[in-house]
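Down below is the structure, laid out as C-alpha cells.
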Amino acid sequence: MRLATSLVAFFLLCFLFSEQLLAQRGPASVAVAKIVEQKIASGQTFVGTVQPIKRSLIGSAVGGRVAEFPVNEGDYVRAKQPLAQLLINTISLEVDAEKAELELRKHELTELENGSRPDEIKRAKALMMAAKAGSEYQQKRRKRLESLYSRKAVNDDDIQQVVSESIRAEQLYQEATAAYELAVKGPRKEKIAQARSRVAIQQALVDKLESQVVKHTIISPFNGYVVAEHTEVGQWVNSGELVAEVIALDEVDVSVQVLENHVPHVRLGMDVRVEVPAIPEEVFIGKVAMVIPQADVRSRTFPVKVRIKNTITKNGPILKSGMLARAVLPTGAAQTALLVSKDALVLGGPRPMIFVVEPNKENQKLGKARAVPVQVGVAQGRLIQVKGDLKRGAFVVIRGNERLRPEQNVVIAEVLSPDAEPKAKAMKSDG
C-alpha cells in the first residue's frame, strides 16, 4: 500500500514538474492557415487493397542448371540486376571458338581489301621483264636460224626446236604480263564481296551464341522487391520455368470496387483521400489512375484504381502490397463543405483532430490551441473536407502541431495559404 501511494505521488510530481517546465518555456511557435469553404462532391468510403503498379513473374528463356541465386525474398533489386545465373561453361567455349574463326575471316577480308603489296607488284613486274627479255632473245635466235635454214646450213630438227622455244618464250612473257596486270588491279570485287559475306555469317553466329549467354543470366525487368523464389542453386530449370517474382512499389494502386450508380461521378486524375488502418498516423492523397470499363456482372461494381506515391525508407516501403485501405470517392452532387490543409490533421488517436487557434484580442500573434475532433471527408488537391465544431475563416495549425497540447499557448509565426506545400522538416514546437 505504501509502495502504491509513493508511486502515485511520484507520477503526480512528474506531471506538475512537466506542466511547470512547459509554462517556463513559453508558447509554441506555429504556422497557421484558414479554414476555407468550397463546393465539393459528397463522398463515400470504399474498402480496397494496396497493389503494386507492376508485377513480373520472371522465367528462364533457356534450360540449364542454376549456378548462382544471389537474391532472397524481400530483397530490393534494381532494373537489370541478376536474379539467377545458369551454368555457361560449354557455351562459353563455343563462343571463344567462333570468335577466333571470326577474327580469321576478318583478316582474310582485310587482306583482299588492301590489294597487292608494292613488293608483290615489283616482283611481278620483274618477272614480266625477264620473260620479255627471254622472248625477244628467242625471236632473234629463230630469225637467225631461219636464215641459215634457207641456205641449208641447219637441218629440220634444229629449226623446229628453235621455233618451239620461241613460242614457249612468248607464252611465258604473256603469262607474266597478265600476272603483273592482275597484281596492279588487285583482287576482284566479287572475291571481296564473298569475303564480306563470310565475315557477316560468322558475326551472326557469334551474336547468336552471345545471346544464348545473355539468356543464361536472368535479370530483373525493373526496380522492385523480390516477393517469391521459385528455384535454388543446383536446381535444373527448363525454358519458360519460373525463377522469381518481382513487384514495383515506388508507386502503388489502391483497387476498390465502385457501384454502377456511383462510378459516373469518378473522373480520371481527381484527388482521392486514402486511409490505411495499419498506418493510422498517415493520410495519403492519391489520384484516380484507372476506371476499368468492365463490371463484375454479379455485384455490378467497377474496379477503380487510385495511384499513390509510396515512401521508401531504410526498412522498406511504407505501403506494402496486400494492405487493407479505405478510399473516399465522390459519389454525389456538389455540396458546400469546410476544407483544411492535409497537414492540419493530427492522427494516431481515437479520432482525427485539428488544432484551432483562437487569437488573443490584445495581440493577434498570440493565442491558444483548441483541439477539435473531426470527421474527414473527400480530398481536393492538398485540401481535405472536415466536419466538426468549426467555422469558415478560423485559423488551424498546419506546421508545428506534432507536439501541441490542448489549450496550449501558441505564437503565430506564419500565416500560410491553405494549400501550401509542406516543408522538408516540420516547424519545431517549443511546447
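Tabulated results
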{"item": "Flag for Leu109 being in contact with a Lys or Arg (Cβ under 9 Å, 6 or more places away or on another chain) and part of a helix (DSSP H, G or I)", "result": "yes"}
{"item": "Given (1) buried (at least 23 other Cβ atoms within 10 Å of the Cβ); (2) on the phi > 0 side of the Ramachandran plot, number of the condition Ala369 does not satisfy", "result": "(2)"}
{"item": "Residue ID - farthest from Gln85 (Cα to Cα), chosen from residues in segment 41-50 that are surrounded by fewer than 18 Cβ atoms within 10 Å (Cβ to Cβ) and at pLDDT below 95", "result": "Ser42"}
{"item": "Those residues of segment 273-289 which are within 18 Å of Ser42 (Cβ to Cβ) and at pLDDT 90 or above, in sequence order", "result": "Val274, Val288"}
{"item": "Qualifying positions in segment 308-319 - of a type in the set (Val, Ile, Thr) and not in a strand (DSSP E or B)", "result": "Thr311, Ile318"}
{"item": "Any hit, segment 401-411, residues being of a type in the set (Val, Ile, Thr), under 28 Å from Lys39 (Cβ atoms) and touching a residue at least 24 places away in the same chain (Cβ under 8 Å)", "result": "no"}
{"item": "Exclusive hit being touching a residue at least 60 places away in the same chain (Cβ under 8 Å) and surrounded by 14 or more Cβ atoms within 10 Å (Cβ to Cβ), set Ala67, Ala79", "result": "Ala67"}
{"item": "Number of positions in segment 372-390 that are crowded, with 19+ Cβ neighbours inside 10 Å, in a loop (DSSP other than H, G, I, E, B) and at pLDDT 85 or above", "result": "1"}
{"item": "Strands (runs of 3 or more DSSP E) within segment 192-307 that include 1 or more residues surrounded by fewer than 17 Cβ atoms within 10 Å (Cβ to Cβ) and in contact (Cβ under 8 Å) with a residue 40 or more places away in the chain", "result": "217-219, 224-229, 242-259"}
{"item": "Flag for Pro350 being without any contact (Cβ under 8 Å) to a residue 40 or more places away in the chain, over 16 Å from Glu282 (Cβ atoms), open to solvent by 40 Å² or more (accessible area, probe 1.4 Å) and under 43 Å from the mean Cα position of the chain (by Cα)", "result": "yes"}
{"item": "Criterion: in contact (Cβ under 8 Å) with a residue 24 or more places away in the chain, surrounded by 15 or more Cβ atoms within 10 Å (Cβ to Cβ) and touching a helix residue (DSSP H, G or I) at 6+ places or on another chain (Cβ under 8 Å) - qualifying residue of Ala124, Ala130", "result": "Ala124"}
{"item": "Qualifying position, being among the β-branched types (Val, Ile, Thr) and within 23 Å of the chain's Cα centre (by Cα), among Val233, Val276, Val283, Val226", "result": "Val226"}
{"item": "Residue count, segment 308-341 (criterion: touching an Asp or Glu at 6+ places or on another chain (Cβ under 9 Å), open to solvent by 50 Å² or more (accessible area, probe 1.4 Å) and not polar (S, T, N, Q))", "result": "3"}
{"item": "Of all residues making up segment 143-166, the number that are among the β-branched types (Val, Ile, Thr) and exposed (fewer than 12 other Cβ atoms within 10 Å of the Cβ)", "result": "0"}
{"item": "Residue match in segment 120-130 (condition: under 29 Å from Gln194 (Cβ atoms), under 60 Å from the mean Cα position of the chain (by Cα) and assigned by the TED database to the domain that holds Gln203)", "result": "yes"}
{"item": "Residue match in segment 391-410 (condition: open to solvent by 50 Å² or more (accessible area, probe 1.4 Å), out of contact with any Leu (no Cβ under 7 Å at 6 or more places or on another chain), of a type in the set (Lys, Arg) and assigned to a strand (DSSP E or B))", "result": "no"}
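The values are calculated or read from the model by the stated rules, or taken from the named source; none is laboratory data. This is a predicted model, so every value here is computed, not measured. Backbone-built Cβ (ideal geometry, glycine too); neighbour counts: all protein chains shown. Side chains are part of the model used for accessible areas, which takes the heavy atoms of the whole protein and leaves out ligands, DNA and RNA. Shrake-Rupley method; radii C 1.70, N 1.55, O 1.52, S 1.80 Å.
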